[in-house]
Amino acid sequence: METKQSIGLREFIALGIIMIGIKLTDDTPIIYFKKLANSAWMAPLLSAGMIAVLLYFLISTTEKFDNQNLVDLIFTLFGKYIGWIAILYLWAALFTALIIDTAIYTDLISTMYFPNTPMFAIYFLMMVICGFGAYKGIQAIGSTAWAIFLYITVALICALLITITHGQFDFLFPFLGNGTWPVIKESLKAITIYDELLYLGILSTMLPSKKDFKKGSWIIFGVVITEITLAMISFLMIFDYKSIQLLSYPWHEVIRYISLGFLQNVETLFFPFWLVGLIIRFGAYLYLIVYMFGRLFNIKEFQLLVPIFSILVVFLGVIPEQPTFTLPIIRSKLIMFTVIPTCSITVLLWVLAKFKTRGKKHAN
Amino acid sequence: MFHRQDKKNNSKDKDLKNNKIPSSLNDTTAYIKELYHLPINKDVMIRDLFLGGSTKKAFLLFINTISDTKIIEDSLLQPLLQNKDPLKNIEDIVCVSSIEEICTIGEAVQETNKGNTILFIEGSTSAYSFSTAKFLGRNIDKAEDEVTLKGPKEAFTETVMTNVNLVRKKIKDENLIFEAATVSERANNTLFITYIKDLTNEETLQKVRDKLNQLNPATLQNLSILEEYMDENPHSIFPTILYTERPDRAAGYLNDGHIVILMENSPASLILPVTFWSFIHSPDDQYLRLVFGNFVRFLRAIAIFVTIFTSAAYVAVTNYHSSMIPPDLLMAIAATREKVPFPALVEILVMELAFELIREAGLRVPSPIGPTIGIVGALILGQSAVQANIVSPIVVIVVALSGLSSFVVGDISMNFAIRSTRIFFIVAAGMFGIYGMAVVFAAGMFYLVTLKSYGVPYLAPFTPKYSSSKNVMFRRLIQKEAYRPEHIKPKDLIKK
């Protein structure tokens, strides 16, 4: 088995955009629509400033240390013990996120498309295939992401275009929804997108150079913010703020609503691309989880852990009853729980790196 | 008991072969007679003679069925017998193109088996081998399996020297190397590793040499069998070595820095390392005008998608996603399916099986009764099956479409690969609808992107990225194809 993996810039960008961009198809938009009504789409846009600062911190920290990815950085800067705890925390957060997200998506697939298929079968198949991807390594996942990137993008652009032409422009007003202050307050919470950018830092050494990581991260950041904002605008234009608050998965409602010429129901056209995107996302998550776990407990051949973790995810994921209602609540709680630590880890890393390199300069 | 006897005989033969050529001609004759089982063996000839001039005793050894007796008579026997000068060297007496001096009985036998003629001389511990080989074979024919509209028509034949000739004809370069290798000890077939010295990557070349040296099969008939030995993933559905019968194609790959293997008895060549795209391309794509060539490529891409997905999509859509179909079409499908007693999955599988049967039967059937297959296939499986309500007409259309499209991919291995992946998709679609298809697709992609052919990623240069002439899905103007494929690591990246 190859333990030293590498990934090209194109593959990295495709992977990042698919991993984070797919968030717009789950219930993330609804969290903001519930609180911000018409102005929900501004949340990602406004939070972009904050995210940009954090991303700048992350990139400049990684650039200072060659051949060190996020995990190495945490170990060198935080020290052996505190670093271990920080990574354990990041690992636990990602693992919980994976369990909840896979459960949400499985619930989504089974309620929206396969009401008669047992949810467990869908869940199990999903984790088997994600496990297969994670076992093959991030290179395989990245290459697959690049291979289908064009199709996913085309499908998404088509869907957005059709949606916007179907929509009502008037639904965007009143522009500020519940007022200026709530918009700003909630936007600050929208920096959850940053969480995933932080985890991409683990891949930074697998890229040809740190410069590529810098370039790739900024591109991913820009594309994802635009994508989510546009999608939220299009949702709003179709449903208006009142009815959208009652929905669970607006993306899937939207693609059921729109039609393309003689084809009345086009959702099945978008469904397969979305599914492959999903597999790539969870495959990458799973890879990162076993990688961090391997680093925490010094397991060299960490990819062998993949089957155990896949099965674990399935069994933990099917625990919640009434997943359609319970899971989003658990998730919004989890987001509140992770935002502050991830941000502070980034800032601390940056500050410590500043001190360390300055100390070195003095010594020289 | 017999086994032991055989083993004894074998080891005895081996001992004999290791012997140096004795100076006594009688001993040599005895050895040869024993090794060739004379006089049971009818075409092995020993021709005794006295050398002209010196009146030394000597004999010629050859197999008259595989050597050119005219050369032996005119260029060997006549000069040897008529020579008057006892001081003249043998090299100066005979007039054949190539002479080699040999020292052991084993070498003599090996040379004889290759059709050469050996001269043993009384009192000498070495012998001479003269090239007199004449193996019979086909003439150069038209390529039958890889047909092109424009471009050269000739194909490789079973005689390796002809094949070498065909390649040399296309690349007149002193750096074009035909490196001989012998794989099987018993069959002793000649095999040529062909490459252009200042282009091909040494590491890959060494890998190929090592691989060839490692295998020691009892017999090795031809390249189709060697392909399996050389394949790094013999269990894989997807081929990683290109088998082509076209010398122009082999020459094209050589010019890009690939390695070509030619072998006696094989009307083809093996090209390695190759990527997925090599199997999808056809030489015609390059020979046709840019737009038409790319149109053909586009058509082929569509055909691959149709082959893989149509049947599966039909199963998925009718079973799980019926809301997707426009109502009129849905009614039409429902009306035809009404009388059919089987589920859509079974229906499709039965028809796919029938199609594969017709294909295989059509291939194996002796040509005089060939037309029967067409009639039976078309009538029984098409019309009658529908009338008997075994399958619905739309299934016949779906299966026929996917079956027909599969033959747009010319390469036989890739054709099989694509047709077999179809089955995975159909079964997955039957169990999980489009979700199952997406899962199989993702699994296939994960597999393909990690597959390698002698260290070269299967989907390169598409992913991972390498600089190349971008001749992947579509091709560009030939003037713009300035680079050799970087993923095979040629010594010289830029075409000059």
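The values are calculated or read from the model by the stated rules, or taken from the named source; none is laboratory data. The model shown is predicted, which means the values in this text are computed figures rather than measured ones. Methodologically, a virtual Cβ is constructed for each residue, glycine included, from the backbone with ideal geometry; neighbour enumeration extends over all protein chains shown.
Of the numbered conditions (1) part of a loop (DSSP other than H, G, I, E, B); (2) over 15 Å from the mean Cα position of the chain (by Cα); (3) buried (at least 16 other Cβ atoms within 10 Å of the Cβ), residue B:150 satisfies every one except a single condition; which is it? Every listed condition holds for residue B:150 apart from (3).
Restricted to helices (runs of 4 or more DSSP H) entirely inside segment B:247-345, those with at least 2 residues that are touching a Leu at 6+ places or on another chain (Cβ under 7 Å) and among the aliphatic types (A, V, I, L, M) are B:290-319. Looking across segment B:447-468, just one residue is surrounded by fewer than 18 Cβ atoms within 10 Å (Cβ to Cβ) and touching a strand residue (DSSP E or B) at 6+ places or on another chain (Cβ under 6 Å), and that is B:467.
Candidates B:204, B:190, B:200: the one that is in contact with a Ser or Thr (Cβ under 8 Å, 6 or more places away or on another chain) and either under 25 Å from residue B:456 (Cβ atoms) or outside the structural domain of residue B:68 (by TED's automatic domain parsing) (or both) is B:190.
Filtered by the rule that a residue be within 8 Å of chain A (Cβ to nearest Cβ) and more than 28 Å from residue B:426 (Cα to Cα), segment B:458-495 gives B:464, B:465. One residue alone among A:73, A:54 is touching a Cys at 6+ places or on another chain (Cβ under 9 Å), in contact (Cβ under 8 Å) with a residue 24 or more places away in the chain and in a helix (DSSP H, G or I), and that residue is A:54.
Could you run through segment B:256-312 and say how many residues are in contact (Cβ under 8 Å) with a residue 24 or more places away in the chain and over 30 Å from residue B:427 (Cα atoms)? So the count comes out to 29. Only one of the numbered conditions (1) at pLDDT 90 or above; (2) in a helix (DSSP H, G or I) is violated by residue B:5, and that is (1).
Whether any residue in segment B:404-419 is farther than 27 Å from residue B:244 by Cβ, away from chain A (no Cβ under 14 Å), crowded, with 18+ Cβ neighbours inside 10 Å and out of contact with any Gly (no Cβ under 8 Å at 6 or more places or on another chain) is what I want to check. Lay out the reasoning, then the answer.
Step one: list which residues in segment B:404-419 are farther than 27 Å from residue B:244 by Cβ, which gives none.
No, because not a single residue in segment B:404-419 is farther than 27 Å from residue B:244 by Cβ, away from chain A (no Cβ under 14 Å), crowded, with 18+ Cβ neighbours inside 10 Å and out of contact with any Gly (no Cβ under 8 Å at 6 or more places or on another chain).
Filtering segment B:205-223 for residues that are modelled with pLDDT of 90 or more, closer than 21 Å to residue B:246 by Cα and either of a type outside the set (S, T, N, Q) or surrounded by fewer than 19 Cβ atoms within 10 Å (Cβ to Cβ) (or both) leaves a non-empty set. The set of residues in segment B:123-134 being surrounded by fewer than 17 Cβ atoms within 10 Å (Cβ to Cβ) and not polar (S, T, N, Q) consists of B:123, B:134. Residue-level check: of (1) hydroxyl-bearing (Ser, Thr, Tyr); (2) touching a residue at least 24 places away in the same chain (Cβ under 8 Å); (3) within 25 Å of residue B:133 (Cβ to Cβ), residue B:240 misses just (3). Do we find that residue B:310 is surrounded by 16 or more Cβ atoms within 10 Å (Cβ to Cβ), away from chain A (no Cβ under 13 Å) and among the hydroxyl-bearing types (Ser, Thr, Tyr) in this structure? Taking the combined requirement at face value, the residue satisfies it. The single condition from (1) crowded, with 17+ Cβ neighbours inside 10 Å; (2) more than 18 Å from the chain's Cα centre (by Cα) that residue B:113 fails is (1).
Please work out if residue A:83 is of a type outside the set (A, V, I, L, M, F, W, C), within 14 Å of chain B (Cβ to nearest Cβ), crowded, with 17+ Cβ neighbours inside 10 Å and farther than 19 Å from residue A:268 by Cα.
Details: of a type outside the set (A, V, I, L, M, F, W, C): yes; within 14 Å of chain B (Cβ to nearest Cβ): no; crowded, with 17+ Cβ neighbours inside 10 Å: yes; farther than 19 Å from residue A:268 by Cα: yes.
The answer is no for residue A:83.
Screening residue B:430 against (1) more than 13 Å from chain A (Cβ to nearest Cβ); (2) farther than 21 Å from residue A:136 by Cα leaves a single unmet condition, (1).
Per-residue answers, yes or no, for (1) free of Cβ contacts under 8 Å to residues at least 24 places away in the same chain; (2) over 20 Å from residue B:321 (Cβ atoms); (3) more than 9 Å from every other protein chain (Cβ to nearest Cβ); (4) within 21 Å of the chain's Cα centre (by Cα):
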| residue | (1), (2), (3), (4) |
| --- | --- |
| A:118 | yes, no, yes, no |
| A:130 | no, yes, no, yes |
| A:139 | no, yes, no, yes |
| A:152 | no, no, yes, yes |
| A:160 | no, yes, yes, yes |
| A:163 | no, yes, yes, no |
| A:174 | no, yes, yes, no |
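Going by what's in this entry, would residue B:120 be described as within 34 Å of the chain's Cα centre (by Cα) and at pLDDT 90 or above? Taking the combined requirement at face value, the residue does not satisfy it. In segment B:192-242, of all residues being more than 25 Å from residue B:171 (Cβ to Cβ), among the charged types (D, E, K, R) and part of a loop (DSSP other than H, G, I, E, B), the one that is farthest from the chain's Cα centre (by Cα) corresponds to B:232.
Let me spell it out: the conditions are (1) more than 16 Å from the chain's Cα centre (by Cα); (2) in a strand (DSSP E or B); (3) surrounded by 19 or more Cβ atoms within 10 Å (Cβ to Cβ), and residue B:179 meets all of them except one. Which number is the exception? Every condition holds for residue B:179 apart from (3). Being within 14 Å of chain B (Cβ to nearest Cβ) and either of a type in the set (D, E, K, R) or within 30 Å of residue A:352 (Cα to Cα) (or both) is a condition met by no residue of segment A:94-106.
Against the definition (within 10 Å of another protein chain (Cβ to nearest Cβ) and at positive phi), how does residue A:261 come out, yes or no?
On the way: within 10 Å of another protein chain (Cβ to nearest Cβ): yes; at positive phi: yes.
Yes.
Could you pull out every one of the helices (runs of 4 or more DSSP H) wholly within segment A:231-323 that has 1 or more residues that are closer than 29 Å to residue B:328 by Cβ?
Numbers: elements: A:250-257, A:267-296, A:306-317.
Because the criterion is at least 1 residues that are closer than 29 Å to residue B:328 by Cβ, the helices (runs of 4 or more DSSP H) in segment A:231-323 that meet it are A:250-257, A:267-296.
Please find, within segment B:379-396, the residue that is nearest to the chain's Cα centre (by Cα) out of those that are assigned to a helix (DSSP H, G or I) and exposed (fewer than 13 other Cβ atoms within 10 Å of the Cβ).
Our first condition is that a residue be assigned to a helix (DSSP H, G or I); within segment B:379-396, this holds for B:379-387, B:393-396.
Still in the running and exposed (fewer than 13 other Cβ atoms within 10 Å of the Cβ): B:379, B:383-384, B:387.
Numbers: B:379: 37, B:383: 40, B:384: 41, B:387: 44 Å.
That would be B:379.
Residue by residue, here is whether (1) under 29 Å from residue B:14 (Cβ atoms); (2) within 38 Å of the chain's Cα centre (by Cα); (3) among the small types (Gly, Ala, Ser) holds:
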position: B:42; (1), (2), (3): yes, yes, no
position: B:46; (1), (2), (3): yes, yes, no
position: B:60; (1), (2), (3): yes, yes, no
position: B:65; (1), (2), (3): yes, yes, no
position: B:69; (1), (2), (3): no, yes, no
position: B:73; (1), (2), (3): no, yes, no
position: B:79; (1), (2), (3): no, no, no
position: B:87; (1), (2), (3): no, no, no
position: B:94; (1), (2), (3): no, no, no
